[in-house]
Structure formats: C-alpha cells, structure tokens
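What follows is a structure written as structure tokens; I'll ask about it next.
The values are calculated or read from the model by the stated rules, or taken from the named source; none is laboratory data. Bear in mind the structure is a predicted one, so any value in this text is a computation, not a measurement. Neighbour counts run over all protein chains shown; Cβ positions are idealised from the backbone, glycine included. Note: areas computed on protein heavy atoms with side chains; ligands, DNA, RNA excluded. Shrake-Rupley method; radii C 1.70, N 1.55, O 1.52, S 1.80 Å.
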Amino acid sequence: MLGELTESQIEDLLRTEVIARIGCISEGRVYVVPVSYAYDGTYIWGHGMDGAKLRAMRSHPEVCLEVEHVDDMSNWRSVIAWGTFEECHGADWDTGIALLVEHIM
C-alpha cells in the first residue's frame, strides 16, 4: 500500500493482528524480535520469557513496534510506533495476560 493509514485504519490494524515485531537495543546492537501482543486502545501488551528480549528492554526501555497485515505484495498495511517498555507485575500482569489470552484465543 502506498500512502498513509487513517487513525481508524491504524486502530483496526493494531486491534486485529496478533504478531508484532519489537525493535530494541541489545548489547549495543539493534535487536528485532517477533512477539504476540494485544492492544487495548492505549497500550500494547506482550508476554515474554526472561531472556534476551526482556534483558534488552530492561536496559534500554525505548522501543519501536511494527505490526503488519499482508494480503498480497500489492495490498498490505503496516503500523510503526515508538514507546517505552514497562514491565508489569501483580494486578497489571494479570490484566495483561487476560487481554492476551482473550485476543489470541
């Protein structure tokens, strides 16, 4: 697709897809990794095991997120967003997991 998405197209894409790619800095290098996610209209919620991705985001919380939908090579849409990683615990973690399960299942 050539051009820019409208706000409603961006919201629709973020709400309907389940895989995103997170770009972050790991040991001084750009690191891009796919993640499952859910979008609640304000936040992107993801889940990850304790590994390279979480270590990278803990060290450098500035991240970039890319979500795409490809119908074919002439018809595709993507959203890129920048933000700050926040690790969830307690009730926030429960909220995030519930959103992810509902969205993915």
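Considering every residue within segment 5-12, establish whether at least one is hydrophobic (A, V, I, L, M, F, W, C), surrounded by 14 or more Cβ atoms within 10 Å (Cβ to Cβ) and over 23 Å from residue 92 (Cβ atoms).
Yes - at least one qualifying residue is present in segment 5-12.
OK, next. Is it true that some residue in segment 45-53 is part of a strand (DSSP E or B) and surrounded by 15 or more Cβ atoms within 10 Å (Cβ to Cβ)? Don't jump to the end; show me each part of the working.
Going through segment 45-53, the residues part of a strand (DSSP E or B) turn out to be 45-46.
When the remaining residues are screened for being surrounded by 15 or more Cβ atoms within 10 Å (Cβ to Cβ), the result is 45-46.
Yes, that holds for at least one residue.
Residue by residue through segment 13-22, note down the ones that are closer than 18 Å to residue 64 by Cβ and open to solvent by less than 70 Å² (accessible area, probe 1.4 Å). Steps first, please.
So in segment 13-22, the residues closer than 18 Å to residue 64 by Cβ come out as 13-14, 17, 19-22.
Answer for segment 13-22, where residues must be closer than 18 Å to residue 64 by Cβ and open to solvent by less than 70 Å² (accessible area, probe 1.4 Å): 13, 14, 17, 20, 22.
When you scan segment 70-105, how many residues do you find that are among the hydroxyl-bearing types (Ser, Thr, Tyr) and surrounded by 10 or more Cβ atoms within 10 Å (Cβ to Cβ)?
Going through segment 70-105 one residue at a time, the tally reaches 2.
Which residue pairs have Cβ atoms under 6 Å apart, sit 6 or more places apart or on different chains, and have a first residue in segment 36-54 that is in contact (Cβ under 8 Å) with a residue 12 or more places away in the chain and a second that is charged (D, E, K, R)?
Sorted first by the residue in segment 36-54, then by its partner, the pairs are 39/15.
Give me the pairs: first residue in segment 68-92 and acidic (Asp, Glu), second residue assigned to a strand (DSSP E or B), beta-carbon distance under 9 Å, and six or more apart or on different chains, which are they?
Cβ pairs passing all conditions: 68/19; 68/20; 68/21; 68/76; 68/77; 68/78; 68/79; 71/77.
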